[in-house]
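Step one of this worksheet: look at the structure below.
The values are calculated or read from the model by the stated rules, or taken from the named source; none is laboratory data. For clarity, every value in this text was computed on a predicted model and none was experimentally measured. When we count neighbours, we look across all protein chains shown, and the Cβ atoms used for this are built from the backbone with ideal geometry, even at glycine.
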Amino acid sequence: MCVDDLTGRISSALSGIDWPAAPPPDAAQALALQFQLGLSEWYDGASLAALQFRQLEVLLRHAHATVPYYRERWHGLYDPSASLDAARFARLPLLTRSALQQQFGALTSSAPPTAHGAPSETRSSGSTGTPVRVLKTPVSQLVWQAVMLREHLWHRRDFGAKLAVIRRVGEPGERAGWGEYIGGIIPAGRAAALPISVEIGRQLDWLAAQQPDYLLTYPTNAAGLARRSIERGVRLAGLRQVMTIGEIVTPELRALCRDAWDAPVKDAYSAQETGYLALQCPDRDAYHVQSETVLVEVLDRRGNPCAPGETGLVVVTPLHAFAMPLVRYVVGDYARVGALCPCGRGLPVLERIMGRTRNTLVLANGERYWPYFGTHRFVDLAPILQHQFVQTGYDVIEARLVTARPLTGAEEDDFVQHVRSCLPAPFEIRIRLVPGIPRDPGSKYEDFVSELAGAGGAG
């Protein structure tokens, strides 16, 4: 689906004008951006980079002139009168979460463009242990809206269908439309919402009653629902897609949703501070960086750009954040760079979002791995409802399990043997049965956490 497919569906703001629609100003701006996005996604890499740096020059001059933090730290590194290229940009220091947290005032622009609207404060969930707050203008919301619409169009969603949402924010209940951003452009079907705090079995009962066409939730919650659905033989026959946000999507989750509901997972990679970073390709599981709105770098331990196949630190510069510019901001994630996508889009590729440093398994010799536990087999090994692995020592992993009943000795042995077979070195696996595994304050949940990961880089 492309922007042309919206013809005849767009809401008109003028009485007596139904088609072609004359949308309200905000919707007209979002559609104007959408038209340009529909063209630029097919540009080659060099053309996209040239346009990015054109916008980046405007942003950096503004940051240098109006943001005390950058004016001080860029002294001798940045010349606003010189043309900007990748080498000069790479000389600028990285902005950490702790700096953003501690230097809020110094990072605030003294003169954001008045045409961008009044700035307002947004706070992250603090799932990394370092909550941050940023200032955004209505322009940031406009950009967010445009990329959101692009994602719906890429994945050919039926706006007249029913959407079920299970997440932390939002009022529970059922209402018309898919939210204010989409509703301001095109009439949409009904949406039903349920808090993530509801027990997983009751969530599944609710979904079975709703029979939605689309489900929006966190990846780990989708995995729990899929497992419970398989156990109980509950089919969501009309479910077309599982839309995920906020956490890492694994190949196992994609397989689970196929097995449970014959529905694909369509993921969006974003951060509260920066907006959308990448969208899943319409044709495969890899992600396309949203180059029109953000510059994403993936850097190795030496600070050099990663080549395709390499995993590195994700560093982000939103291109339209003028109230509080975030230049070379370290979001805390690691990603694996991909080669040019066979779909033909020139947007850079992230083959996979790997997670945070604390999600890496650390060996005594300093080597790091992104662990894979073959969780799709758990249902065959034992009545496991929820799991989390925590590395507590260089040779010890604690498996925290929520189970339908106490495990037999044979089930424990089979489980331990399976987990060990997935690890790169011998580990002692300690099973700990727990009544539940709570989510963090931002409603995020991690299958694996290492208490030894510290602040090191990815392996």
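Points worth noting:
- Taking the conditions (1) touching a strand residue (DSSP E or B) at 6+ places or on another chain (Cβ under 7 Å); (2) surrounded by 17 or more Cβ atoms within 10 Å (Cβ to Cβ) in turn, Leu153 satisfies each one other than (1).
- Cβ pairs under 9 Å, 6+ apart, first in segment 257-279 and of a type in the set (S, T, N, Q), second surrounded by fewer than 22 Cβ atoms within 10 Å (Cβ to Cβ) and part of a helix (DSSP H, G or I): Ser270/Trp144
- Of residues in segment 70-91 being closer than 18 Å to Leu326 by Cβ and more than 28 Å from the chain's Cα centre (by Cα), the one modelled with the lowest pLDDT: Leu84
- Restricting segment 123-178 to residues that are of a type in the set (Val, Ile, Thr) and in a loop (DSSP other than H, G, I, E, B) leaves a set whose member that is modelled with the highest pLDDT is Thr137.
- Counted residues, segment 74-90 - those being crowded, with 18+ Cβ neighbours inside 10 Å and in a helix (DSSP H, G or I): 1
- Total residues in segment 37-57 satisfying the condition of being part of a helix (DSSP H, G or I) and either surrounded by 14 or more Cβ atoms within 10 Å (Cβ to Cβ) or among the basic types (Lys, Arg) (or both): the figure is 12.
- Every condition in (1) over 14 Å from the mean Cα position of the chain (by Cα); (2) buried (at least 20 other Cβ atoms within 10 Å of the Cβ) holds for Thr274 except the one numbered (1).
- Among the residues making up segment 162-176, those that are crowded, with 17+ Cβ neighbours inside 10 Å and in contact with a Lys or Arg (Cβ under 9 Å, 6 or more places away or on another chain) are Lys162, Leu163.
- Count of residues meeting criterion [assigned to a strand (DSSP E or B) and modelled with pLDDT of 90 or more] in segment 328-366: 13
- Of all residue pairs spaced 6 or more apart or on separate chains, those with beta-carbon atoms under 9 Å, a first member in segment 38-55 that is under 12 Å from Leu295 (Cβ atoms) and modelled with pLDDT of 95 or more and a second member that is hydrophobic (A, V, I, L, M, F, W, C) and assigned to a helix (DSSP H, G or I) are Ala49/Ala86; Phe53/Ala86; Phe53/Phe89.
- Selected residue (only one of Ala263, Ala268, Ala255, Ala226 is assigned to a loop (DSSP other than H, G, I, E, B) and of a type in the set (Gly, Ala, Ser)): Ala263
- For segment 179-216, the tally of residues that are aliphatic (A, V, I, L, M), out of contact with any strand residue (DSSP E or B) (no Cβ under 9 Å at 6 or more places or on another chain) and either surrounded by fewer than 18 Cβ atoms within 10 Å (Cβ to Cβ) or within 26 Å of His387 (Cβ to Cβ) (or both) stands at 3.
- In segment 374-390, the count of residues that are among the β-branched types (Val, Ile, Thr) and modelled with pLDDT of 90 or more is one or more.
- Entry remark, segment 8-36: residues being surrounded by fewer than 17 Cβ atoms within 10 Å (Cβ to Cβ), part of a loop (DSSP other than H, G, I, E, B) and either of a type in the set (S, T, N, Q) or over 30 Å from the mean Cα position of the chain (by Cα) (or both) number 12 in total.
- Search result, residues across segment 179-208 that are over 23 Å from Ser11 (Cβ atoms) and not in a helix (DSSP H, G or I): Leu194, Pro195, Ile196, Ser197, Val198, Glu199
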